[in-house]
Every structure is written in structure tokens, then in C-alpha cells.
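Laboratory data are not the source of any read-out in this text; all were calculated from the coordinates shown. A quick note: this is a predicted structure, and the numbers were derived from the prediction, not measured. In this analysis, Cβ positions are derived from the backbone assuming ideal geometry, glycine residues included, and neighbour counts consider all displayed protein chains.
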Amino acid sequence: MRLSKKNIPFIFLILTVISLIVCSFLSRSSIELIKNSLYTSPIMIALWAATAITALYSLLSQKLFSRNKPSFLIHLSLILILAGALTTHLTSTRGHVSIPKGETVNFFYNSIEKARLQLPFSITLDDFEIIYYEGTNTPADYRSTLTIDKEGEKKTVTISMNKIYESDGYRIFQSSYTPDHLASSFIINYDRWGVNLTYTGYFLFLISMIALFFHPNSLFRSLLKNPLWKTFIIILVCSLPSQSKATAKTLSVADAKQFGELFIQHQDRISTIDAFATDFTKKLYGKSSYNGLSATQVLCGWIFNPQEWQYEPMIKIKDKEDQKLLGTTNMARFIDFFTADQKYKIQLAQIDCIRKNGDNAVMKRLKKLDEKAELIAMLENGNFMKIFPIIQNDKCRLVSPADSAISNIAKEDSLLLNHFFSLLYESYQKEEPCGEWIAKFKSYQFKQLGDAAPSVVQQKAEKLYLQFNYTAICSYITLTIGILAFILLCIHLYNPQKRWNDKPFFFFLIGCTLYLTFIIVLRSIVAERLPFSNGHETLLLIAWIAQFTALFSHHKFKIILPVGILISGFALLASSLSDMDPQITPLMPVLNSPLLSIHVSLMMISYTFAGFIALISIASLILHALKGENAAEERFMLLNQLLLYPTLFCMSIGIFIGSIWANISWGDYWSWDPKETWALISMIIYAIPLHGTQIRFLNKPLYFHLYLSLALISILTTYFGVNYYFGGMHSYA
């Protein structure tokens, strides 16, 4: 391939991407200062500068502005963003300061040199408070009240997470606080020019990208006019073994149902005991029921009858070494964790491992096994059962029987609270209904919690969610149907005489979409927020987007249907993995921003479209291997070129909104976190195929599809690689 001037910017860009990948691996084991210096080294700055300068020269020499103004402005906006980043690197100052309550400072400390720098105004901390989620000890926000004194002119301001103060180019961000709440810490960032230049680039990119979709000379419009659309080819419950009832005794179905409706503080929010019991049973047994007993009955069995339940083989042990250590099969009993003389086997194994200079992998495995036994131990000593409402400092919170604060309750309430479990145990032993005591206790919870108690709608939503949350089973079915549809599609492509009927798959997908919508809505109601904050929730969103896209696009692009089912199946399967936490929790303060939903939604849409693109390309490669060059390859190429535009648009805008959110939250719009780095790498990788006039070999369908099949690796690394390998602020694992 002959090298031309048009290729030079891409050579520098590819070298930059390779350097970013190398830096991401090197920085994994580096300390923060070294990590940042890798990405801001003279070599990296030179590569970015060479890419920007040669790209600008190429744009001007090709007179792109006169031919396609939106395309020219998109590239110009990216150069502006790079210029803004360089300006920030060269001219900005970032530091921190901790201010005791009532004290005044007019300086801060530089983060790198630790030098003391003067401020053009003084800051006095008047007050600091933590705002909690109702009825819990979980912080919802940190709030500092400051007096800013600038040359005698005083101004009172409030700074909190996602709410900053700005003056004279200095931006003050709430960072942390001392354990005694008597001092508050702030990040202070001075970046008068870099942020403004970068934001200008973001805005120009957004406007130009929208304009590109409507410009008559854009590649996007020419793709829509392509005559190939007119001849686009039409391509595109296991019965469970019944188990006998558990021999160990527990509460009756009616009493357990009533007990499960009580409130408990679990996972930093007020939920029902049913939700806690489901989590407890899943962590022990791997399922939400055991031998025909509900999760709440299992929990009650361990609370009221631990002597019998310790003999129940319900603790799932996957690792063969763990099974060997406990002397059991894949289903262990609690007594299997102890020797005949009541010594804890895991502790003995840990001591032995330490004596042998310790194997980190072995210690990690033993710690994971220890967590299962610790669940039961914490339940038996009462630490988990945070169901007792007490009022302190005019606020109500739920505490466990082991909490010392329970001794300070009012005398008239002490009988019910101090003897609640004793009364239930007495009724349980006599095999008498205990619903009366449970009803009295629930009434007392409602009275004390007031507005902090979950609403009736939330309680019903959580009950429905626990009852109908079968996303794991749904993932197996969806993945199986998706693979079947994909195979039938490939058979049809190989031999068009083999009929391809998409109606069964279409109706199946309607059912899946309605079910997943129902689950997402329930999670939203329970959490009182859009469910996009953890790994499980974002994967559910990817599955939903894939299903929704397939439903509304399959009439014109029939390949979208099997691909959409397949992607949603993979996403649901990944969401059901044990490491992807399905629990509903409150947002940590820094995430409590409307920009979160926009940022996550756009990124998940782009990841979903990238999955569509990859599977369509894989289908094309399979077809090429079976039939050689064929007309369907070009049609698939046309479809993927079209999908690249919304993919790149959502990915780019999602990254930019994420950086704005980061700048508002902690004063740094780009910190070279692994997720940020790999999102940028993915954005560049998916932008390259849209430059076929400069990179000629990508105009050939075979190379085009091969490239986009491999491009998915960057998306998988951005999502799963960061979670399980690189770590960082954006890790869900």
C-alpha cells in the first residue's frame, strides 16, 4: 500500500492508540504520580500534537470546509479539545485544603509539589453537615457553608457534591471531611483557559455532529440514498427436579410472609426483610428458595432454629479445593466448617498458608469461603437484623439488637422491642401463630419511621421484583433462542432456498422486552432513581436497548432481529454473574447527579450498537467463508457504515458529558482513569472505518468486517476489562 499525505494523520493516530494501550497496562501497577506522568509524558504530548497538526493540514489541503462544513467542524472541534487539554496541562493548578469549622484560610496546597499557594480571597468554614438517606446512616450528600471574603466583600455560599463555587478562575469542590465532622476538605482547581477551550470543543462537536446527519454531502446521507437498500436481502422452560421439603423446622408460610414485610436496613437503604432474606439465601445456596421453602422461611429457620439448620446441606461450594478442605461435596453444612473439637477449618487453613509464605490466590479463595460462614455468624449474633427503630437527634434509624443505642429507647416501647424475638421464639416453639406480634411491631416501625418508611407503592414494587425477577433464567432462554436464530440466518444466507421465518423470534422478543421493561421499572420505583448505577443495572440497560432496537428496526434490516436477541442474551447472562451485584442500593453522593443517567445511557447505547456491528460483521465473515465474495457482504457493510454514525455519536457525546460531570464533581474533567482511557481508545477505533477515502483497504467488505469484528475487543475491555483487571474509579467489580 502506497503511503500518501492523507495517511499520515492516521499513522500518528494509530501510534497514539498503541501508546495509550501500553500506558494502560503499565499504569496498572504504578503509583498515581507515575501513572499520570505516563499519559502526559513528552512522547504522548508529541504524538497528540503530531496527530492534530497533520490532521489540520490534511483538512485544509483537501478543502473539506467548502465541500462538507459539518465534517470539517467535527474534526476542528476535536483539535480544539486537544488544544484545551494541552492548555490545562500547561497552565492549570490543582490542590487541596482542609479547613476546621470556624477557621479562615487564604491558601491551598499544590497536589504535586505540595507547595503552599495563595488565593485571591479568603475562605471561612461556617458549618459542615452530612445529609443522610431517610432512616439510614448512608450519606446522600456532604454540605459545607462557606464565607468568601474578597477584598472586604463577603459572600456566603454552600458547596456540596456536584455543586461547586467558582471565582476568578478558581473552582472549589467538596472533597471529604474529618471523622469528627469538625473540618471539611476541599479540592481547589485553577484552570481559567483550558476548561473553556475544551467545553467549546465539546459544544462545537455536538452541533457539527447533528448537522452532519442532515448535510446533503455527508457520507451518512449518501448511505441512506444507496440503491442497495432497495434490494436488501431478508437476513436477517427446562423442568426443574422437584425436591423434598427441608427437614429442619421454620416459621409457617403465613407467619414468614408477614415477617418478610417488616422493614430492615440492608445495603444502606430501608427495604423489606423479604429482600434481605433473598440476598441471604442466594449467597448461601445460589438460589432464592431452598427445598420448597421461601427465602424468608430459610432466614427464619436460621434465626429461630440454628441447631437444626446447621445440619442442612445448603451452602454451595464451587471450588474443589474448598470442598476438600471442608470434607464435603458441592453442598456443605455449616458444621462442616468446624473440626470435631470445634476449631474453625478456614482459620487453620489461613494460618497454614501464612506459614508457607502465603499464596495470595489461596488467601483470596479462603476469604471468599469465609464470607459464607460469616453471613450465618453475623445473623446469629444479631448484627444483620437492623429492624428496631430508634430516634436520635430528631432522626429515626434502624438498629440491630446488638446496637448499644437500643438500650436508650422509651420505657413504654421497651417491652415490645427488647422482647420481640423472644416472643416470636416462644410462639415458634409452641407452634402457635405469631402474626399478632409481627403486626404490632410493623405498626410501631411505621409510626417511628414516618416518611422514611418505603411507600406502599415501593413495597409492592419490591415484592413484585422479588417474585418475578428471573433474569438469570431469561438469559439462558434468550441466549439459546438467539443462537438458534443466528444459525438459521446463516443457513438461509448460505442457501436462500431454505426459508427464514422471523415471526416466532419477533413475538419471543416482544415478550422479552415487555418483561425486561417491567423489571427495570420495578427497580426504578424501589430505588427512586433510574437504575443505571452499577454493573448489573448497566447490563440490563444494554439488553433492553438491544431488544428495543431489534423490535423497531427488524422490518428494514432483518439481520437486526437475531443479532438483537443474541446481544440481549449475552448482556443478561453477564448481568446474572455473581460478581455483578444485583442489589438495589442508594447512590453514593458523587453519583447523585442528573448527568449520570445521560452519560450512562449514551455509553450503553453505543456499546449495544457496537455489539450489533460486530455480530453483523461476524455473520458476513461466516458467509464469506462459505460462499466467497457475495452481494450480501456489501449490504452488510452498508448497514454497518450506517450504524457507525449513531455508535460514534453516542459514544463521543457520552464521553464528553462524563468529563463535564467529572469536572463538576471533583474538579478534573480527565484523569486518565482506565475506563476513560479505554473509552477514548474505543472512540478512536470506531471512528477510523468512517475514513474509507483515506484508508483504502477498509473499502473492501472483507477487511471492513474483519476490522469491526476485532473492534469489539476494545468495547469488551472498556466494560469488562476495566471491571476485572484494570480497576479504577469506574470499576463495578
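For the reader, a short list of remarks on this structure follows.
- Phi angles of region 320-333 translate, via the Karplus equation with coefficients 6.51, -1.76, 1.60 and θ = phi - 60°, into HN-Hα couplings of 5, 5, 5, 4, 5, 4, 7, x, 9, 8, 6, 10, 9, 9 Hz per residue; Gly and Pro are given as x.
- Note: relative contact order over region 587-733, using C-alpha pairs below 8 Å and six or more positions apart, is 30 percent.
- In terms of packing, defined here as the mean over residues of other Cβ atoms within 10 angstrom, the peptides 205-215, 271-281, 550-560 line up highest first as 271-281, 550-560, 205-215.
- Backbone amide hydrogens, once placed in the peptide plane, bring HIS419 within less than 5 Å of nothing, excluding anything fewer than 5 places away on its chain.
- 3J(HN,Hα) along region 187-193, derived from phi through the Karplus expression 6.51 cos²θ - 1.76 cosθ + 1.60 where θ = phi - 60°, amounts to 9, 10, 10, 10, 8, 5, 9 Hz, with x in place of Gly and Pro.
- In Hz, Karplus ³J(HN,Hα) per residue of region 151-168 (6.51, -1.76, 1.60; θ = phi - 60°; x = Gly, Pro): 6, x, 8, 9, 9, 8, 10, 10, 10, 9, 4, 6, 9, 10, 10, 10, 7, 6
- Residue order, fewest to most beta carbons within 10 Å, for LYS345, LYS324, LYS163: LYS324, LYS163, LYS345
- Close amide H pairs (under 5 Å, H built 1.01 Å from N) link GLU312 with PHE334, residues at least 5 positions away or on another chain.
- Placing unit charges on the Cβ atoms of the charged side chains and taking the dipole of the chain about its Cα centre, the candidate lying farthest along the positive direction among SER27, PHE697, ASN330 is PHE697.
- Projecting the Cα positions of ILE164, THR145, ILE187 onto the charge dipole of region 98-187 (unit charges on Cβ atoms of Lys, Arg, Asp and Glu, taken about the Cα centre) puts ILE187 furthest along the positive direction.
- A cut-off of 5 Å between modelled amide H atoms, ignoring neighbours fewer than 5 places along the same chain, links TYR132 with ALA140.
- Highest average packing first - 425-432, 104-111, Cβ atoms within 10 Å: 104-111, 425-432
- This model, with +1 at the C-beta of Lys and Arg and -1 at the C-beta of Asp and Glu, gives region 98-187 a dipole about its Cα centre of some 200 debye.
- Average Cα contact separation per residue, region 456-585, under 8 Å, 6 or more apart, as relative contact order %: 38
- Estimated 222 nm signal from helices in the chain, with DSSP H stretches of n ≥ 4 weighted -39500 (n - 2.57), rounded to 500: -18000 deg cm²/dmol
- Of the options (i) 31.3; (ii) 40.7; (iii) 29.5, only one is Kirkwood radius over Cα pairs in Å as computed from these coordinates, and that is (iii).
- Over 23 Å (Cα to Cα) - which of LYS257/LYS367; LYS5/LYS63; LYS287/LYS372 fall in this group: LYS257/LYS367
- Each of the peptides 539-545, 140-146 was scored by the mean count of other Cβ atoms within 10 Å over its residues; in descending order, highest first, they stand as 539-545, 140-146.
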